[in-house]
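Beneath this line is the structure, given in structure tokens, with notes to follow.
The values are calculated or read from the model by the stated rules, or taken from the named source; none is laboratory data. Keep in mind the model is a prediction, meaning the values are calculated, not measured. Counting neighbours? That spans all protein chains shown, and the Cβs are built from the backbone with ideal geometry, glycine included.
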Amino acid sequence: MSPRRFARLALEDGRRVFAELAEGEARLLSSAPWEGGALTGERLGGVDDEGRSAGTRRLTPATPTKIVCVGRNYRAHASELGNDVPVEPLLFFKPPSSLLDPDGTIELPPSSISGRVDHEAELAVIIGRRTRRATDAEAAAAVFGLTAAGDITARDLQKKDGQWTRAKGMDTFCPVGPVVVSGLPWDALGVRCRVNGALRQDGSTRDLVFSVPALVAYVSQVMTLEPGDLILTGTPAGVGPLVDGDELVIEIDGIGALTARVAAAAAEG
């Protein structure tokens, strides 16, 4: 069976809907596809395979209860930051409030808070069923699909704080999308990041230290994963700084391009 593509869209009439993308159409669903959403019969034409169309806006393709992230899951990335590769997956959270829609704007914190914000391009997993204490085989079956994500990081705060909540959890620090692809093999996907057109990161999920099923199973030993939850699987080498005015593009084979702009914090008052 060929992979299936899904998007979440904001329509002109104010509705926010899930849709399956096929043959130049967005075929609207009654709910999220991992919740058994059925085709409603309503269709929008002129939609490309990344969910773009006139009169709609692309949204984050999931609304997770939690965003679980994995640190140092590529050896080369661990090395570039001077860290050892963990013997077990290194987990941390981003709050749902950090989510950013495709084509959104990453807001840099005021310089009084952080002076160094980095990009990290990542493959993200969307959970399709309630999962607790799963085996690797059960974990693989619990994956609904894959998408692209950015683990935006205030690198100076990560080093300063020791734990990573502030560094990773700011508003807009988790762009996700543009679509979810179900049925796409995860194990040899190119993961790239471009800033202003220049290639910064160019890796492959074949280099993951811990596989997607292993990560889902590991996380599920600690917490129950709910349908729609996100797991970010780590970033390849090449992370670097973002500054005001940058354009960030995260590309993953078979999924598409996730684009975000970068802007300085708006003045308060």
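Below is a table of values for the structure above.
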{"item": "Total residues in the stretch 29-62, condition on the phi > 0 side of the Ramachandran plot and modelled with pLDDT of 95 or more", "result": "4"}
{"item": "The stretch 104-119: number of residues that are within 23 Å of ASP207 (Cβ to Cβ) and in contact with a helix residue (DSSP H, G or I) (Cβ under 8 Å, 6 or more places away or on another chain)", "result": "1"}
{"item": "Helices (runs of 4 or more DSSP H) (entirely within the stretch 63-180) containing at least 2 residues that are in contact with a Ser or Thr (Cβ under 8 Å, 6 or more places away or on another chain) and farther than 20 Å from ILE255 by Cα", "result": "136-142, 155-161, 165-168"}
{"item": "Residues that are buried (at least 19 other Cβ atoms within 10 Å of the Cβ), more than 16 Å from GLU226 (Cα to Cα) and of a type outside the set (S, T, N, Q), drawn from the stretch 94-106", "result": "LEU99, LEU100, ASP101, PRO102, GLY104, ILE106"}
{"item": "Condition broken by THR131, with the remaining ones in (1) surrounded by fewer than 19 Cβ atoms within 10 Å (Cβ to Cβ); (2) closer than 17 Å to THR233 by Cβ; (3) hydroxyl-bearing (Ser, Thr, Tyr) satisfied", "result": "(1)"}
{"item": "Per-region count, the stretch 212-267, residues farther than 16 Å from ILE67 by Cβ, of a type in the set (Gly, Ala, Ser) and in contact with a helix residue (DSSP H, G or I) (Cβ under 7 Å, 6 or more places away or on another chain)", "result": "3"}
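So that you can scan it fast, the table gives a plain yes or no per residue for (1) within 30 Å of GLU25 (Cβ to Cβ); (2) without any contact (Cβ under 8 Å) to a residue 40 or more places away in the chain; (3) assigned by TED's automatic domain parsing to the domain that holds ALA139; (4) in a helix (DSSP H, G or I):
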{"residue": "PRO185", "(1), (2), (3), (4)": "yes, yes, yes, no"}
{"residue": "PHE210", "(1), (2), (3), (4)": "no, no, yes, no"}
{"residue": "ALA217", "(1), (2), (3), (4)": "no, no, yes, yes"}
{"residue": "SER220", "(1), (2), (3), (4)": "no, no, yes, yes"}
{"residue": "VAL243", "(1), (2), (3), (4)": "no, no, yes, no"}
{"residue": "ILE250", "(1), (2), (3), (4)": "yes, no, yes, no"}
